[in-house]
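> Here it is: the structure, laid out below.
The values are calculated or read from the model by the stated rules, or taken from the named source; none is laboratory data. Keep in mind it's a predicted model, so treat the numbers as computed, not measured. No Cβ is skipped: glycine too gets one built from the backbone with ideal geometry, and neighbour counts run over all protein chains shown. Each accessible area value is taken on the protein alone, full model and side chains, heavy atoms only, with ligands, DNA and RNA left out. Shrake-Rupley method; radii C 1.70, N 1.55, O 1.52, S 1.80 Å.
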Amino acid sequence: MGESSRFPDLGRALREAGPERAVARIGRILEDLRDAGLVAFDDAVEAATVFNWLVMGRPLNEVMLLGDDAIPDASSQRRHAELSVRVFLASVAVPPTDAGG
């Protein structure tokens, strides 16, 4: 990342192989969930980007600033991922309908 200004092709390649690839895959999953009526959003790429950065944000930021010693243990990673999913679903989940009446 630090050399992307000197080697822009490398930066683009890393973006395409990393975040863009992940966001595209998440977007396809979210579209399937939207088609099933479970979530609602306007733009799959935008929704996938928000979800991706909820999950990646803090752990990635800490490692970038503090180095490998800041890599969270598996339990911390799981808690952060579960919280990220809950936060994201709270913003896009379609409430269940009351079939009883």
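> Would a scan of segment 42-61 turn up a residue that is modelled with pLDDT of 95 or more, open to solvent by 100 Å² or more (accessible area, probe 1.4 Å), acidic (Asp, Glu) and assigned to a helix (DSSP H, G or I)?
Taking every residue of segment 42-61 in turn, at least one turns out to be modelled with pLDDT of 95 or more, open to solvent by 100 Å² or more (accessible area, probe 1.4 Å), acidic (Asp, Glu) and assigned to a helix (DSSP H, G or I).
> If I filter segment 62-101 down to residues being over 20 Å from residue 27 (Cα atoms) and among the hydroxyl-bearing types (Ser, Thr, Tyr), which single residue comes out as least open to solvent (accessible area, probe 1.4 Å)?
Step one: filter segment 62-101 for residues over 20 Å from residue 27 (Cα atoms), giving 62-80, 95-101.
With the extra rule that they be among the hydroxyl-bearing types (Ser, Thr, Tyr), the set shrinks to 75-76, 97.
Values: 75: 66, 76: 37, 97: 126 Å².
Ranking the qualifying residues of segment 62-101, first place goes to 76.
> While we're on this one: Before we move on, is residue 3 open to solvent by 50 Å² or more (accessible area, probe 1.4 Å) and outside any helix (DSSP H, G or I)?
yes
> Residue pairs, Cβ under 6 Å, 6 or more apart or interchain, first in segment 84-101 and modelled with pLDDT of 75 or more, second among the acidic types (Asp, Glu) and surrounded by fewer than 13 Cβ atoms within 10 Å (Cβ to Cβ). List them.
none
> Can you tell me how many residues in segment 7-41 are open to solvent by 80 Å² or more (accessible area, probe 1.4 Å) and either assigned to a helix (DSSP H, G or I) or under 15 Å from residue 88 (Cα atoms) (or both)?
Taking segment 7-41 and keeping what is open to solvent by 80 Å² or more (accessible area, probe 1.4 Å), we get 7, 9-10, 12, 14-16, 20-21, 25, 28-29, 32, 35, 38.
Filter again for either assigned to a helix (DSSP H, G or I) or under 15 Å from residue 88 (Cα atoms) (or both), leaving 9-10, 12, 14-16, 20-21, 25, 28-29, 32, 35, 38.
Of the residues in that region, 14 qualify.
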